[in-house]
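The values are calculated or read from the model by the stated rules, or taken from the named source; none is laboratory data. Note that the coordinates shown come from a computational prediction; the quantities given were computed from them, not determined experimentally. Methodologically, a virtual Cβ is constructed for each residue, glycine included, from the backbone with ideal geometry; neighbour enumeration extends over all protein chains shown. To get the accessible areas, we keep the full protein, side chains included, count just its heavy atoms, and leave off ligands, DNA and RNA. Shrake-Rupley method; radii C 1.70, N 1.55, O 1.52, S 1.80 Å.
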Amino acid sequence: MNGIENLTRPAGSPRSPDSVPTLTVAELEADPHGVFRAWRPRLPFVGHEVAGVLVLRSRDVDLLMRDHRAQATETLYPESRAIPDGTLFDIFAHGMLTANGSAHRRRRSPFTRTFAARLVEGLRPQIRAAAENLVRDWLEEGEVDLVERYTALIPAQTIADILGLPRDDIPRFTQLAYEVSRVLSFTFGPEDIPDLEAAAVALQDYVAAILEARRSAPQDDFLTRFLAEAEAAGELTPQEVVIQLVQLIIGGTDTTRVAGAMQVALLLQHPEQWAAVSGDPSLIPAAVAESLRYEPSVGSAGRVAREDIGLDGHVVPAGSLMLLSTLSALRDEAVYAHPGTFDIRRTDLPRLHPIFGGGAHRCIGEALARIELEEGLGVLLRLAPRLHLTDAMPVLRGHSGIRRIDALRVAA
Ligand code: HEM
């Protein structure tokens, strides 16, 4: 049974949990870490001005990622944001991220083999070589924006190569993906919806055109094999095929661009840790993991409560849209010693990093993201060991969804 069919209350307007405050988007955006630090010891969740509730504690976030009482949101989120139809709506209606049960399995399964850790590991040398070429492009230039010239391009080139998209298309499809991903934030208003919708339509049309070209001229690449398998199995509708690829492009570009920039910025802000990793590259995976904990590029995962859910004596009412706050959970003092300290040598990070979620929806691109982040950092440490910030430390903004970063100005 579809988990949310039998819900009676619309998202965002459940019985309001009396005993918890409702926080505004403005205060959450202004200082998410500060707000969560203040509330987390006192309450398992707080109300959210738009989204229902924000679940704050690591144990609860982890539990609810895999609990049958917390379901993927299907179309509840766009409906609650005044997006009742159109292409943006379709991304939620037909994509794997927001699907439950057999629809989710059907949409996800064509990708699981391709993105399996052992297969993705084979891409490491190619990703390293691409990163080296990118660094050589700007090494002699003086000051550059590392986001634009490096951390955005590593995931964009990788996903382009996997899907067989022309490299010249990168500026177009990445800009569209960044724009569409804003729909998961709470910082857009009704006046922004036409722009978001236009970007969604353009990205969908772009993917549909690429697929059509592949159908008429098959190649020896992932996309051709994926199309053949999807069509032979007859399990995905043509619209589902397009939308899973749209989600892959969004999930595979913006998240890793932001994480790649933030890990460099954090290490440069802590020169002794930059020097330590530089002297001992075996610390690179730990540096990547700690950066993802300290300033995660994904702030939350959305779910809906299928039934009343009790958390430490408080009840999340059935029908509530829940934001499981990875941002808050990753600084939970019940799990991490000195959570507000950036420390690549910490030993309290779980083996399965919580930033990639849990349960049926755990990130499909985790292994790929880790390789991109590790190689992106390793190449910089080798080719640009004297890299330094030439402007203020960038701020990672946003309390939910995919977070946002501006420029990261550095010189080698
Ligand atoms: C640092 C980088 C990344 C982070 C922090 C991240 C985080 C996440 C999280 C938290 C989820 C689960 C969301 C939920 O449960 O609602 C997720 C799902 C997903 N991610 Fe990632 N991700 C990253 C990189 C990637 C990459 C590189 C790809 C693709 C190549 C990707 C594709 C996806 C897809 C398709 C899903 C949906 C899976 C499903 O619903 O079954 N992600 N990601």
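Values computed for the structure shown
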{"quantity": "For Ile83: the one exception among (1) within 24 Å of Arg182 (Cβ to Cβ); (2) part of a helix (DSSP H, G or I)", "calculated": "(2)"}
{"quantity": "Number of the condition not met by Ala202 [criteria: (1) surrounded by fewer than 20 Cβ atoms within 10 Å (Cβ to Cβ); (2) within 16 Å of the ligand (Cβ to nearest atom)]", "calculated": "(2)"}
{"quantity": "Some residue of region 396-411 being without any contact (Cβ under 8 Å) to a residue 24 or more places away in the chain and either away from the ligand (no atom under 16 Å from the Cβ) or open to solvent by less than 30 Å² (accessible area, probe 1.4 Å) (or both)", "calculated": "no"}
{"quantity": "Boolean, Glu240 is open to solvent by 30 Å² or more (accessible area, probe 1.4 Å), at pLDDT below 95 and of a type in the set (Asp, Glu)", "calculated": "no"}
{"quantity": "One residue from Ala367, Ala289 being closer than 30 Å to Val183 by Cα, in contact with a His (Cβ under 9 Å, 6 or more places away or on another chain), open to solvent by 10 Å² or more (accessible area, probe 1.4 Å) and within 13 Å of the ligand (Cβ to nearest atom)", "calculated": "Ala289"}
{"quantity": "Residue under evaluation Gly234, criteria (1) surrounded by fewer than 13 Cβ atoms within 10 Å (Cβ to Cβ); (2) within 25 Å of the chain's Cα centre (by Cα), criterion not met", "calculated": "(2)"}
{"quantity": "Any pair with Cβ under 7 angstrom, 6 or more apart, that starts in region 338-361 at a residue that is free of Cβ contacts under 8 Å to residues at least 40 places away in the same chain and ends at one that is open to solvent by 40 Å² or more (accessible area, probe 1.4 Å) and within 16 Å of the ligand (Cβ to nearest atom)", "calculated": "Phe356/Cys363"}
{"quantity": "Residue match in region 235-243 (condition: acidic (Asp, Glu), within 16 Å of the ligand (Cβ to nearest atom) and farther than 30 Å from Val144 by Cβ)", "calculated": "yes"}
{"quantity": "Any pair with Cβ under 6 angstrom, 6 or more apart, that starts in region 157-186 at a residue that is away from the ligand (no atom under 15 Å from the Cβ) and ends at one that is aliphatic (A, V, I, L, M) and part of a loop (DSSP other than H, G, I, E, B)", "calculated": "Phe186/Val50"}
{"quantity": "Residues located in region 181-206, provided they are farther than 27 Å from Ile371 by Cα and not in a helix (DSSP H, G or I)", "calculated": "Phe186, Thr187, Phe188, Gly189"}
{"quantity": "Some residue of region 307-319 being within 16 Å of the ligand (Cβ to nearest atom), surrounded by 22 or more Cβ atoms within 10 Å (Cβ to Cβ) and of a type in the set (Gly, Ala, Ser)", "calculated": "no"}
{"quantity": "Pairs where the first residue, in region 381-395, is touching a residue at least 40 places away in the same chain (Cβ under 8 Å) and the second is aromatic (Phe, Trp, Tyr) and surrounded by 12 or more Cβ atoms within 10 Å (Cβ to Cβ), C-beta under 9 Å, 6+ apart", "calculated": "Leu381/Trp274; Pro385/Trp274; Leu387/Trp274"}
{"quantity": "Sole residue being within 19 Å of Thr75 (Cα to Cα), modelled with pLDDT of 90 or more and in contact with a Leu (Cβ under 8 Å, 6 or more places away or on another chain), chosen from Val20, Val46, Val35, Val53", "calculated": "Val53"}
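Rundown of residues vs (1) more than 7 Å from the ligand (Cβ to nearest atom); (2) within 18 Å of Glu290 (Cβ to Cβ); (3) in contact with an Asp or Glu (Cβ under 8 Å, 6 or more places away or on another chain), yes/no style:
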{"residue": "His338", "(1), (2), (3)": "yes, yes, no"}
{"residue": "Thr341", "(1), (2), (3)": "yes, yes, no"}
{"residue": "Leu352", "(1), (2), (3)": "yes, yes, no"}
{"residue": "Ala360", "(1), (2), (3)": "no, no, no"}
{"residue": "Gly376", "(1), (2), (3)": "yes, yes, no"}
{"residue": "Val379", "(1), (2), (3)": "yes, no, yes"}
